[in-house]
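Here is the structure we will look at.
Computed from the coordinates by the stated procedures, all read-outs in this text should not be read as laboratory data. Keep in mind it's a predicted model, so treat the numbers as computed, not measured. All Cβ positions, even for glycine, are placed from backbone atoms using ideal geometry, and neighbour counts span all protein chains on display.
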Amino acid sequence: MSSVPEDSHFVCPECGGSNCATMIMHVSTVPDENDPWSMVLKTVKCGQCSSIIPAHLAELWDDISINEAKKEWCDIYKKSMPNN
C-alpha cells in the first residue's frame, strides 16, 4: 500500500468523505465478467468509513459526476467490496 498524493481529488461515493487513507494497486491477469472488481486496477480506502472504492469512482475519472459515481458504486461494486 502507498499513501495517496496530496493533490489527488477524492470523494467517497459511500459516505461523501474527502479523506483518502490509502491507495492500493492491483493487477488481474484473468478478468472475470462475473466479478466487476477483476477489472479494477487501482482502489482507494476511505479514511472516514473504511470503504474500498475503485479509483475511477473515488477520483471521478473522465469527469463523471459525484452522483454518477455513487450510482455506479451502489449498483455494481458496494455489495461485493473486498476486505482490504
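GluC sites (Glu not before Pro) within segment 31-80: which are DSSP loop residues with at most 16 other Cβ atoms inside 10 Å?
Here the sparse-neighbourhood loop sites are Glu33.
For segment 20-78, give the magnitude of the charge dipole about the Cα centre (Cβ charges: +1 Lys/Arg, -1 Asp/Glu; no others), in debye to the nearest 20.
With only Lys, Arg, Asp and Glu charged at Cβ, the dipole is about 320 debye.
Go through segment 35-42 residue by residue and turn each phi into a ³J(HN,Hα) via Karplus (6.51, -1.76, 1.60, θ = phi - 60°); whole Hz please, and just put x for glycine and proline.
10, x, 5, 5, 9, 8, 9, 9
Do any cysteines of the chain lack a neighbour Cys whose Cβ is under 4.7 Å away, and which are they?
Cys20, Cys74
Enumerate the calculated ³J(HN,Hα) couplings along segment 21-26 in order (Karplus 6.51 cos²θ - 1.76 cosθ + 1.60, θ = phi - 60°), each rounded to whole Hz, writing x wherever the residue is Gly or Pro.
Each residue's phi maps through the Karplus curve to give 7, 8, 10, 10, 9, 10 Hz.
Rounded if a/c is under 1.5, else prolate if a/b beats b/c, else oblate: with a ≥ b ≥ c from the C-alpha gyration tensor eigenvalues square-rooted, which is segment 34-82?
Rounded, because the longest to shortest axis ratio a/c is under 1.5.
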